[in-house]
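Written out below as structure tokens is the structure these notes cover.
The values are calculated or read from the model by the stated rules, or taken from the named source; none is laboratory data. Just so we're clear, the structure is a prediction, and the values are computed from it rather than from any experiment. Every residue, glycine as well, gets a Cβ built from its backbone with ideal geometry; the counts of neighbours run over all protein chains shown.
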Amino acid sequence: MTPDGPAIETEGLTKRFRSGQVAVNAIDLAVPRGSVYGFLGPNGSGKTTTIRLLLGLIRPTAGRHTILGARLPEGAGTALPRVGSLVEGPAFHPYLSGRANLHRLDAADRTVDPRTATARIDAALDRVGLLAAAGKRYRAYSLGMRQRLAIAQTLLRPRELLILDEPTNGLDPQGTREVRGLLGALAAAGTTVLLSTHLLSEVEQICTHVGVMHLGRLVAQDSLAALRARTAPRIEVQTRQPAAAAGVLTALGLADVVAGTQTATALAGDVEPEKVVAALVAEAVPVRGFAVVAADLEETFVSLTGEGFDVSG
Amino acid sequence: MSVADSLPATGLPIGVPAALAPRRFGTRFFRSELWLIFGRRRNWAGGLVLASVPIILAIAVKVSEPQPGDGPDFISQITGNGLFVALAALVLELPLFLPLAVGAIAGDAVAGEANLGTLRYLLAVPVHRTRLLLVKFGAITVFAFTAVALVAVVGSVIGLVLFGGGPLTTLSGSQLPFAEGLWRLLLVCLYMTACLAALGAIGMFVSTLTEQPIGATIAIVMLAIVSQILDSIPQLSAIHEYLPTHYWLAFGDLLRDPIATGQIGNGLGLAWTYTVVFLAAAWARFASRDVSS
Ligand SMILES: Nc1ncnc2c1ncn2[C@@H]1O[C@H](COP(=O)(O)OP(=O)(O)OP(=O)(O)O)[C@@H](O)[C@H]1O
Ligand SMILES: [Mg+2]
């Protein structure tokens, strides 16, 4: 076991279902310790299947993986107690209360101290804002309350790694914000987070690393900054005279110049932004705003996974 | 939610390893399993049905005292000793009600958790799959004993109230003191528990095959009934002694003086064999199964 190795590492991890479909195709995932890893991909691209493989719920057809330094499935007993997970939405006993459901999961964990169970459960409920509804039967919970309970379940004890499959699904804006804040705080305290999500704004706000799945393959994996840098940044000038500004940009030799109604943009290329500003001022173009804009994550995502809307069966 | 103020208390301090040594012996998960079964309203309703049979039986006998030799042995003896209400009720419930009760719990064991999706969260805790099966089977056995004991206790109480106690006339014709009679009744309960636990083991295997708990329950009850039907066809006598239900009614031998051990021993041996074989089958099926519900 290498304590400083990646929190999650897979080697050629593959899952072929009995239907013959290869849902996860030889992926080499590397989630660095302390990172917040955004796990992206269109519907049906294999994110949940990967998470099931990581947790040992399904057996890989090929490949291997380690979690927190332990090989699975043999190391499940030592690794998984340190991992909090949310897989494909919440699932609890409908006729038990939220609190009773957490007691049930806590009772199943042989590595925690039963004497602290009540305190830990209440703390977890409090952190997701569910304390007031803790005595209600799960059956009577709303979608967002169920999701919150599933998140509470990952917080029953300190974790070194959280594996979260769409944790903010169904949450109200406050809930989404709170969960984002919670994850940020946990990450700041050193917890590694693998976050599968469709909300790219969420990724831009809290993720340090990104992996993109497409048709069962990991088509990109990098730090967020490096992934962004793959698509060239653009210069954006806000002005009342976009045509004049576009002329300056063209004169400087910038490529792909576009003049809008209030803006002129171009690929930044090798020209230093300072020179562009100086040139604009020299030509007396009235500048209201000037920015070097990194590529939109959404565009990067679409360029990696294609424009098509239909899921790939 | 209070991210800021609760964080210092529960946030993970890097480098401080959580206590990870698993407790060697812990009954917490097992107790949680029992509580899941005995806390469920559906199971209380089932218990009510089980308990109502001895009550109806006792009242019916009280209202119209049967002629000697009328109906099954135990019923005609009720007026002599109230404990026979318990025994007669067990005979009446053994073919269908008790298998149904055990089938409902055993069918739920794995399929119920898979159907709800709670199975994946239990396994991710992690609960070792072998441990999960053993805990589930232990709980099924406790439930089987509770169901049998419920019928016996309710039957004994109402029997003693309506017909009185006193010495117990054995099937051999001798008389046993009342305390010995109670002891024999407990042995009957334990024997039935062993028989029903074997059915529970079969049921748990069925439960690993599907994600539909109701389907598993129906399959288990059908199996118990088919076994009894086959057992009643004389032309099939060659296979009778291998049928899971074949020795169920042998518990009458526990009421002889002295206890006749032959059939009882065979019954326990068969129940043990079914239990071991089907627990192994359930394990073989479940230990490597994909949990994708
Ligand atoms: N148990 C299964 N048997 C057969 N095929 C499956 C099974 N589970 C998933 N699949 C298939 O594997 C592919 C990947 O599914 P998966 O649930 O991993 O996608 P996902 O990336 O999580 O999608 P989403 O964003 O919609 O949650 C899908 O095409 C799905 O139909
Ligand atoms: Mg998914």
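For the reader, a short list of remarks on this structure follows.
- Test: residue in the stretch A:19-28 that is among the hydroxyl-bearing types (S, T, Y) and more than 9 Å from ligand 1 (Cβ to nearest atom): no
- Members of the stretch A:29-46 that are within 16 Å of ligand 1 (Cβ to nearest atom), buried (at least 20 other Cβ atoms within 10 Å of the Cβ) and more than 14 Å from chain B (Cβ to nearest Cβ): A:L29, A:Y37, A:G38, A:F39, A:L40, A:G41, A:P42, A:S45
- Complete set of residues in the stretch B:255-293 that are among the hydrophobic types (A, V, I, L, M, F, W, C), more than 21 Å from B:L187 (Cβ to Cβ) and exposed (fewer than 15 other Cβ atoms within 10 Å of the Cβ): B:V276, B:V277, B:A280, B:A284, B:A287
- Residue match in the stretch B:261-279 (condition: among the small types (G, A, S) and either under 19 Å from B:A111 (Cα atoms) or not in a helix (DSSP H, G or I) (or both)): no
- As a summary of the residue check, A:R148 satisfies the conditions (1) surrounded by fewer than 22 Cβ atoms within 10 Å (Cβ to Cβ); (2) within 11 Å of chain B (Cβ to nearest Cβ); (3) away from ligand 1 (no atom under 16 Å from the Cβ) except for the one numbered (1).
- Number of positions in the stretch B:231-252 that are buried (at least 16 other Cβ atoms within 10 Å of the Cβ) and over 20 Å from B:G265 (Cα atoms): 0
- Within the stretch B:190-215, the residues that satisfy the criterion of being over 16 Å from B:D108 (Cβ atoms) and in contact (Cβ under 8 Å) with a residue 60 or more places away in the chain are B:Y191, B:M192, B:A194, B:C195, B:A198.
- Residues within the stretch B:82-117 that are touching a His at 6+ places or on another chain (Cβ under 8 Å) and either of a type in the set (D, E, K, R) or crowded, with 22+ Cβ neighbours inside 10 Å (or both), tallied: 0
- Candidate set from the stretch A:178-227 (those that are in contact with a Ser or Thr (Cβ under 7 Å, 6 or more places away or on another chain) and within 14 Å of another protein chain (Cβ to nearest Cβ)); member that is farthest from ligand 1 (Cβ to nearest atom): A:T192
- Single match in A:Q205, A:Q153, A:Q147 (criterion: assigned to a helix (DSSP H, G or I) and within 16 Å of ligand 2 (Cβ to nearest atom)): A:Q147
- Residue within the stretch B:120-128 that is away from every other protein chain (no Cβ under 14 Å) and outside any helix (DSSP H, G or I) present: no
- First in the stretch A:152-177 and facing chain B (nearest Cβ under 10 Å), second anywhere and part of a helix (DSSP H, G or I) and within 16 Å of ligand 2 (Cβ to nearest atom), Cβ under 6 Å, 6 or more apart: A:I163/A:I51
- Residues satisfying the stated conditions in the stretch B:210-230, i.e. surrounded by fewer than 19 Cβ atoms within 10 Å (Cβ to Cβ) and not in a helix (DSSP H, G or I): B:T210, B:Q212
- Taken over the stretch A:161-177, the residue count meeting the criterion of being buried (at least 22 other Cβ atoms within 10 Å of the Cβ) and away from ligand 1 (no atom under 16 Å from the Cβ) is 2.
- Residue in the stretch A:11-19 that is within 20 Å of A:E160 (Cβ to Cβ) and of a type outside the set (V, I, T) present: no
Quick grid of which residues meet (1) modelled with pLDDT under 85; (2) closer than 30 Å to A:F39 by Cβ:
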residue: A:T265; (1), (2): no, no
residue: A:G269; (1), (2): yes, no
residue: A:V276; (1), (2): no, no
residue: A:L280; (1), (2): no, no
residue: A:E283; (1), (2): no, no
residue: A:D296; (1), (2): yes, yes
residue: A:S303; (1), (2): yes, yes
residue: A:G306; (1), (2): yes, yes
residue: A:S312; (1), (2): yes, yes
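- Helices (runs of 4 or more DSSP H) (entirely within the stretch A:215-287) containing at least 2 residues that are among the charged types (D, E, K, R): A:224-230, A:273-282
- Pair list, Cβ under 6 Å, 6 or more apart: the stretch A:79-93 residue facing chain B (nearest Cβ under 8 Å) and free of Cβ contacts under 8 Å to residues at least 60 places away in the same chain, other residue part of a loop (DSSP other than H, G, I, E, B) and more than 16 Å from ligand 1 (Cβ to nearest atom): A:L80/B:P126
- Cβ-Cβ under 6 Å pairs, at least 6 apart or on other chains, the stretch A:39-62 side assigned by TED's automatic domain parsing to the domain that holds A:H198 and more than 10 Å from ligand 2 (Cβ to nearest atom), far side assigned to a loop (DSSP other than H, G, I, E, B) and among the charged types (D, E, K, R): A:I58/B:D290
- Test: A:R64 is more than 10 Å from chain B (Cβ to nearest Cβ), away from ligand 1 (no atom under 16 Å from the Cβ) and among the basic types (K, R): yes
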